[in-house]
1. Pick from A517, A508: which is buried (at least 21 other Cβ atoms within 10 Å of the Cβ) and among the aliphatic types (A, V, I, L, M)?
2. Tell me which residues, restricted to segment 348-399, are in a loop (DSSP other than H, G, I, E, B) and β-branched (V, I, T).
3. So which of I428, I457, I403 is in a loop (DSSP other than H, G, I, E, B), farther than 30 Å from D578 by Cβ, assigned by TED's automatic domain parsing to the domain that holds A517 and in contact with a strand residue (DSSP E or B) (Cβ under 6 Å, 6 or more places away or on another chain)?
4. Would it be correct to say that T179 is β-branched (V, I, T) and more than 30 Å from L561 (Cα to Cα)?
5. Are any residues in segment 520-533 in a strand (DSSP E or B) and surrounded by 14 or more Cβ atoms within 10 Å (Cβ to Cβ), and if so, which ones?
6. Kindly establish whether E536 is in contact (Cβ under 8 Å) with a residue 60 or more places away in the chain and either outside any strand (DSSP E or B) or out of contact with any strand residue (DSSP E or B) (no Cβ under 8 Å at 6 or more places or on another chain) (or both).
7. Out of G182, G156, report the one residue that is on the phi > 0 side of the Ramachandran plot, surrounded by fewer than 18 Cβ atoms within 10 Å (Cβ to Cβ), under 29 Å from the mean Cα position of the chain (by Cα) and of a type outside the set (S, T, N, Q).
Amino acid sequence: MKLSRTIGQAIAGTLLAFGVALASSSPVKAIPPGQITELGIPVRGVGWVRLHPGAMPDGSPSLLISMGQHGGGLFVLDVDLETGRCRQFGTNWNEAALAPASYRSPRTGALYVGSAYSGHLHRYDPAFPERGLEDLGTVDPELATFPTGIAEGPDGKIYVGAYPGACLSVFDPMTNEWTSHGRMDEIDKYYRVIVGDDGTIAGQILSTHWRIVIFDTESGKPRPVGPFVVEPVKAKKRYHFYKGTDGLLYLDSFDGAFRIQGLQAWPIDPADLPPEMPGVEAAYRNGYQRLPALPDGRWVEWADPDSIDYRELRIKTPGRPEADRIITLDWQGGGSELWTLHLGPDERIYGSSMLPERFFGIDRDGSNSVDHGRVSLSLGEAYSMANLDNGWIAIASYPKSRISLYDPSLPYRFGLGPGSNPLDIGRIDEVGDRPHAMATTPDGRIWVASAPEYGLIGGTLSWLNPKTLERRSFRNVLTDCSPFTLLWLPEMKRLLVGFIVEPGTGRAARAQRGGFALWNPATDEATYLGDFGDDELAGVVSLIAGPEGLVYAISGRNPRLVTHYNAAPVSSRLLLIDPARQSVVASAPIPESFGPMPFESANTLRADSDGTLYGTASQTIFRIKPGTVEMDPVARFVDGDASVIGPIHEGELFFATIYRLRKLSLPTVD
């Protein structure tokens with residue numbers, strides 16, 4: 001699952017309504033609007049793509065496709081199977097961007113799609129295209145932002161499981177009424193529901209446990225059944241929950257095979273497990289779905305899946321390969337949310353979009369914009385990038401914290417083997433998932449700071465030698481925390497590491513505070529762990545070198561931690577630290593009027609090419625007086641907050657407002 005910056009910022013922006021002081025109440029000067037240049041929409045890709053073959057009421061073949069995007073929200077395509085022309089129906093709502101759960105009813109032919117992070121259910125019925133993509137309302141106003149499973153019962157009702165409340169709600173298409181049944185688990189956050197033709201309602205709980213929970217319609221209570229797995233990512237075991245071709249529910253697990261029926265998990269002979277029913281997503285693997293055939297026996301599949309362009313569709317006729325055809329779809333994208341911005345060694349701006357992870361490059365004046373497409377097997381987003389001494393760019397991607405190496409001077413050809421550019425060289429370790437930061441050391445190693453995989457506690461600090469591909473990883477350097485930001489200290493020959501309390505997605509934070517580490521690359525060990533004497537330190541979300549061996553840091557909390565990981569909100573502060581003396585020299589609150597921290601806030605401290613230091617919040621950029629924590633606000637972001645903070649170069653700050661790439665011309669220093 002992917003988490004939305006937009007929602008995180010909205011949450012952070014409403015904290016004052018709960019009496020949370022985000023910063024000092026001291027007055028600040030009026031901040032002028034920045035001179036902003038629009039550089040365009042560099043990526044118009046789609047994610048969460050699903051094919052939905054089916055039939056019209058008269059039995060004729062019908063193909064619907066659901067696609068997620070951030071510029072205008074998710075949409076549904078009604079495809080002409082002869083020409084590839086698409087009737088496109090959208091939510092026209094940016095908050096309904098992702099399409100993590102979808103289901104096409106074999107009974108009515110209608111397509112149901114759950115949107116994130118709005119937590120709404122939508123319906124498109126190809127028999128009534130004039131209705132468009134209908135908004136059926138919120139799945140659960142208190143517990144649902146991200147639908148995780150949609151199923152249809154024998155009664156025709158639509159059952160929806162959702163994150164973060166691991167909740168179950170039911171929509172009745174006859175009355176258009178919702179019934180919320182609340183949490184199915186008190187610890188975990190995910191519930192992926194499937195309904196059997198016999199009326200059994202069950203779902204799989206994820207992430208700290210994998211377990212099956214049946215919903216008892218008489219008592220209205222959840223009922224766990226069968227075997228379960230604790231920390232499934234760490235303890236990999238077979239656990240496959242699905243609907244069989246006989247219409248009943250099954251679990252194929254490490255502890256045997258079971259039919260999930262009534263209120264029990266009934267042991268059966270594994271040889272009696274039926275195949276999966278086409279058109280129903282299995283609950284053990286996100287997005288997995290066996291497609292049914294069209295009513296006339298033809299099959300559909302993507303002809304361009306590796307490119308993640310989703311433009312070419314192959315229509316296959318069983319037994320007649322000469323009749324196979326490829327059609328080109330004409331859907332229109334509105335824009336993909338941008339996740340990372342980076343100044344390459346060639347002084348072009350490079351970046352990644354979010355779900356799908358598409359890599360792009362653009363000149364600093366907005367010309368020569370190229371959407372290169374795939375950059376990693378990860379397909380999530382590139383969280384961080386670093387320039388190497390040989391002119392390459394190292395790119396770290398979510399999920400799995402995979403590393404890709406790209407040479408901007410050579411033609412672009414993504415792959416895994418010789419001649420590939422970028423070349424995906426894989427994971428550094430088996431735990432890292434969200435690679436928040438990268439740094440290089442003089443010995444040529446690439447260092448990566450990662451949060452752990454879903455359901456785990458304790459992120460990883462790891463390194464990779466790009467020449468030899470040797471790699472090593474260290475987990476839980478600061479207990480129950482994840483490294484979030486990195487800075488090489490040449491005078492001390494140490495890597496300064498900033499930690500936050502982030503666990504793997506789907507799990508509540510265990511630690512209360514982050515901290516610092518001074519890491520010796522020569523011995524691969526921490527020579528210091530602690531808070532540098534700062535009793536108010538919450539987490540270290542950004543680092544940058546200051547004058548005379550001092551370092552600036554921001555103590556704060558990534559906005560998504562407030563809700564997704566059950567961490568308390570905190571105010572943000574600017575710190576001036578002396579790593580050699582392991583102390584905080586000075587600190588000051590970042591005024592609330594500057595706006596909350598951007599969602600992915602590891603790069604909120606930036607230096608211009610002339611060495612001038614700046615800090616940023618989502619609404620303001622401020623100049624830092626060297627050797628002090630005095631903040632001089634110099635410009636406001638207008639016409640939308642800054643969701644991504646990019647590099648500053650020659651007086652220009654590059655940033656993104658969701659899917660729009662922009663730059664702000666900084667006022668000259670007096």
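1. Working: A508 fails: buried (at least 21 other Cβ atoms within 10 Å of the Cβ).
After ruling out the rest, the residue left standing is A517.
2. To start, the set of residues in segment 348-399 that are in a loop (DSSP other than H, G, I, E, B) comprises 348, 354-358, 363-369, 374-380, 388-392, 399.
Within segment 348-399, V375 is the sole residue that qualifies.
3. Numbers: I457 fails: in contact with a strand residue (DSSP E or B) (Cβ under 6 Å, 6 or more places away or on another chain); I403 fails: in a loop (DSSP other than H, G, I, E, B).
Answer to the check: I428.
4. Numbers: β-branched (V, I, T): yes; more than 30 Å from L561 (Cα to Cα): no.
No: the conditions fail for T179.
5. In the first step, residues of segment 520-533 are kept if they are in a strand (DSSP E or B); the result is 520, 525-530.
Hits for segment 520-533 are N520, A526, Y528, L529, G530.
6. Values: in contact (Cβ under 8 Å) with a residue 60 or more places away in the chain: no; either outside any strand (DSSP E or B) or out of contact with any strand residue (DSSP E or B) (no Cβ under 8 Å at 6 or more places or on another chain) (or both): yes.
No, not satisfied.
7. Working: G156 fails: under 29 Å from the mean Cα position of the chain (by Cα).
One residue alone meets the criteria, G182.
Here is a yes/no grid of residues against (1) under 24 Å from A55 (Cβ atoms); (2) out of contact with any Asp or Glu (no Cβ under 8 Å at 6 or more places or on another chain):
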site: N94; (1), (2): no, yes
site: S118; (1), (2): no, no
site: P126; (1), (2): yes, no
site: D135; (1), (2): no, yes
site: A151; (1), (2): yes, yes
site: C167; (1), (2): no, no
site: M174; (1), (2): yes, yes
site: E186; (1), (2): no, yes
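The values are calculated or read from the model by the stated rules, or taken from the named source; none is laboratory data. The shown structure was predicted, so the numbers you read here are calculated from the model rather than taken from an experiment. Using ideal geometry, Cβ is built from the backbone for each residue, glycine included, and neighbour counts are taken over all protein chains shown.
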